[in-house]
Structures are given as structure tokens and as C-alpha cells.
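The values are calculated or read from the model by the stated rules, or taken from the named source; none is laboratory data. Computed from a prediction, not measured in an experiment: that's the story for all the values here. For neighbour counting, all protein chains shown are included, and Cβ atoms are generated from backbone atoms with ideal geometry for every residue, glycine included. The protein model used for the area step is the full one, side chains on, heavy atoms only, and it has no ligands, DNA or RNA in it. Shrake-Rupley method; radii C 1.70, N 1.55, O 1.52, S 1.80 Å.
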Amino acid sequence: MYVPPRIVTNDDLSALVDTNDEWIRRRVGIAQRHIAVTETTADLAAKAARNALDSAGIDAASLDMILCATVSADYVSPNLACMVQKQLGALCPAYDINAACSAFLFLLETAAGYFARGKAKTILVVGAERMSRIVDWSDRGTCVIFGDGAGAAVLGAGDGYLDSVITVRGGDSVIKIPHHAGKSPFWDGNCEEPYIQMNGQETFKYAVNAMCGDIHTLFDRNGLTPDDIAWIVPHQANYRIIESAAKRSGIPQEKFYMNIERLGNTSSASIPMALDELSRAGKLTRGDKLILTAFGGGLANAACLLTW
Ligand code: UT7
């Protein structure tokens, strides 16, 4: 993982909008987030990618594919993966997937397809976000939630990716991030600002239902009980979402990894960053069964079961 060094506290935000540390901690569970000052989304992504390559002990020339997840790329084109390829000095194909906060799990599914067809041996997957570029810093309902960061993993073909579930309920009424409106002299329709708009309560309900449903699907299909799972690694959007999902699914909350207090909601980067923290803290043992679970814009949700 990589996060930019600048830490922004809740008190820092209360100087910008009508909010306070107590509300943000109690309603969302965030104390601080990292915010980029000069680094681009591609810089964050490439730094996380280099860390992943170092820890895998391979160089960029050995990659067969680079897949990136983001909703906050620096450009529409070239996509983020192209810019990561350039910074790493790799030569392999590279492209992005946009599925908002669930996108890292879409990358795993896509990579599994390449491995199954024998089309790749080593794939770099990266979730990277500079959410600070796409939040409306005058909207207290969203600007206090998000943070910047990137997480990456080097994947190899194997039998550790056991099962997955992906769901999309397409529509723009709950969460949307409009593109720049453009300046067409012929356009006579809506012109929206290119910032996140979110109905928090609707998203909250969707998130709890989606997580519980996906976890139970994976449990039922694979004959598992909570005792079989070492960790559930959820998208870090709100500690109350994770708490509600734990309560409703009957799985002890200690099995749900949480780092939202320090990092905020980093969209597609949150799951790979959580995995890196778990791994570096020595909390993962080879053979552990993990469930990764995410939800967000689309609306989309996804989960997968894997053996570490
Ligand atoms: O990762 C992408 C997916 N996104 C999510 O999963 C987000 C899911 N939703 C949430 O996490 C929560 O809905 C929020 C954190 C966004 C909002 O929390 P909430 O408990 O649902 O608050 P609310 O929107 O119901 O607002 C409650 C009150 C309102 O005031 P009134 O109308 O009761 O007087 C808001 O205006 O809290 C007020 N409020 C704030 N107050 C202080 C909203 N934002 C803030 C704020 N500081 N930052």
C-alpha cells in the first residue's frame, strides 16, 4: 500500500465545513485521512505497485498484465493503468476497470479469467484513488468521509481463489460522480459539477444488505461457518455499516478487519490496503480462509472467498 504523507484530521475539516470531531467519529468512525498534496493518482498507484513488486520479489518486466481500479484517475485517457505501466517501465497490456468501491474485487475476477485461460502468469492489480479531487469540499455529507491512497497486489496463477459473487443494480439515483460537463455549444441538457453526490442513508441500507447477502451466499455455497474464516476484509466506508453487518450476519465483529479510523474511505483502494496491513502485521497465515466484501457506486457489490 501507499498513502500520501499529509494527514488531515477531523478538526482540520471543521475549519472548512460545519462539522466536528465528535460527529465524524460517532457516525462514521473516522479520526483522520491521508490527502495528496502534489502526488497524482498515478503516483499513488505506482508507489503501491512498486511496494507490491518488491514484496513479491519480481521486476516490472515480468508482468503479463496490469489492471487498475479507480474512479479518480488523472485522465479519462490515458487510463490509470497506462500511466502505471509507464512509471514502472513495464511493457505489458494495461487497462482500468471502473466499478467504484467494489472494483478491486472485479479486478480479481478479471485476473482469474486470464489465469483460467492460460493467458497470463503474473498480473499486477492496483486500486488507487485521489478521492480528494472528486469530493465537493463544501458538502459536509461527503467531504468528511473520503481519503486518498492506493493498494496493490501481484497475483500468480494458483488455486487460492475459491469463489466469488458480483451484483449490479444499475442506476444513478443513490451515488453518482458526473464527468466534467464540457463546453459543447450544442448541448442543451443538464450540466452537473464533477463531484460525488451520495444519498448516505440509502447507500448505508444497500451496503448492509449487500454485505450480509454476499457473505451468506459464500458460506452456503462452500459449506462454511464463521469458525472456518480467519478474516472478513470489508470495504471501509463506515464502521457502523461493518458493525451492523457483523451483528446481522451473526459473525463476531473481531473477524471484520477495520482501519477506517486512520485512513477514511479510499474506495477501490480500501480492500488491498487492509490486506497489506493485515499481512505486514503478521495476522495472516498461509492457508487462512478470507472473505473480501465490497459495495458502492453502480450500484455494485462483490465478495470473494480465498485461501491466503
Ligand atoms: O464507499 C461508497 C459508499 N458510501 C457509503 O457507504 C456511505 C454510507 N453512508 C454513510 O456512511 C452515512 O449515511 C453518512 C456518514 C454519509 C451520514 O451519516 P448518517 O448517520 O446517515 O447521517 P444523516 O445523513 O442521516 O444526517 C444526520 C444529521 C443531519 O442533520 P439533521 O438534518 O438531523 O439536522 C445532517 O445534516 O447529521 C448532519 N450531518 C452532519 N453533521 C455534522 C451530515 N453530515 C454531517 C457532518 N457533520 N459531517
Scope the range 23-34; condition farther than 14 Å from residue 259 by Cβ and open to solvent by less than 20 Å² (accessible area, probe 1.4 Å); matching residues: 24
Verdict on residue 187 being in contact with a strand residue (DSSP E or B) (Cβ under 7 Å, 6 or more places away or on another chain) and among the aromatic types (Phe, Trp, Tyr): no
Selection from the range 1-31 of residues that are of a type in the set (S, T, N, Q), within 13 Å of the ligand (Cβ to nearest atom) and within 22 Å of the chain's Cα centre (by Cα): 10
Residue count for the range 98-119, restricted to those that are β-branched (Val, Ile, Thr) and within 16 Å of the ligand (Cβ to nearest atom): 0
Residues (polar (S, T, N, Q) and either more than 16 Å from the chain's Cα centre (by Cα) or not in a helix (DSSP H, G or I) (or both)) located in the range 97-124: 98, 122
Residue pairs meeting the criteria (Cβ under 9 Å; at least 6 apart or on separate chains; first within 25 Å of residue 277 (Cβ to Cβ) and in a helix (DSSP H, G or I), in the range 51-77; second among the acidic types (Asp, Glu) and at pLDDT 95 or above): 51/276; 52/276; 53/59; 55/276
Only one of 273, 211, 258 that is surrounded by fewer than 20 Cβ atoms within 10 Å (Cβ to Cβ) and either more than 18 Å from the chain's Cα centre (by Cα) or at pLDDT 95 or above (or both): 258
Condition met for residue 22 (at pLDDT 95 or above, farther than 27 Å from residue 164 by Cβ, not in a loop (DSSP other than H, G, I, E, B) and not small (Gly, Ala, Ser)): yes
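For every residue, the table says whether it meets (1) assigned to a loop (DSSP other than H, G, I, E, B); (2) open to solvent by less than 10 Å² (accessible area, probe 1.4 Å); (3) within 16 Å of the ligand (Cβ to nearest atom); (4) in contact with a Lys or Arg (Cβ under 9 Å, 6 or more places away or on another chain).
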{"site": "183", "(1), (2), (3), (4)": "yes, no, no, no"}
{"site": "187", "(1), (2), (3), (4)": "yes, no, no, no"}
{"site": "190", "(1), (2), (3), (4)": "yes, no, no, no"}
{"site": "193", "(1), (2), (3), (4)": "yes, no, no, no"}
{"site": "201", "(1), (2), (3), (4)": "no, no, yes, no"}
{"site": "220", "(1), (2), (3), (4)": "no, no, no, no"}
{"site": "245", "(1), (2), (3), (4)": "no, yes, yes, no"}
{"site": "254", "(1), (2), (3), (4)": "no, no, no, no"}
Residue in the range 68-88 that is surrounded by fewer than 24 Cβ atoms within 10 Å (Cβ to Cβ), in contact with a Leu (Cβ under 8 Å, 6 or more places away or on another chain) and not charged (D, E, K, R) present: yes
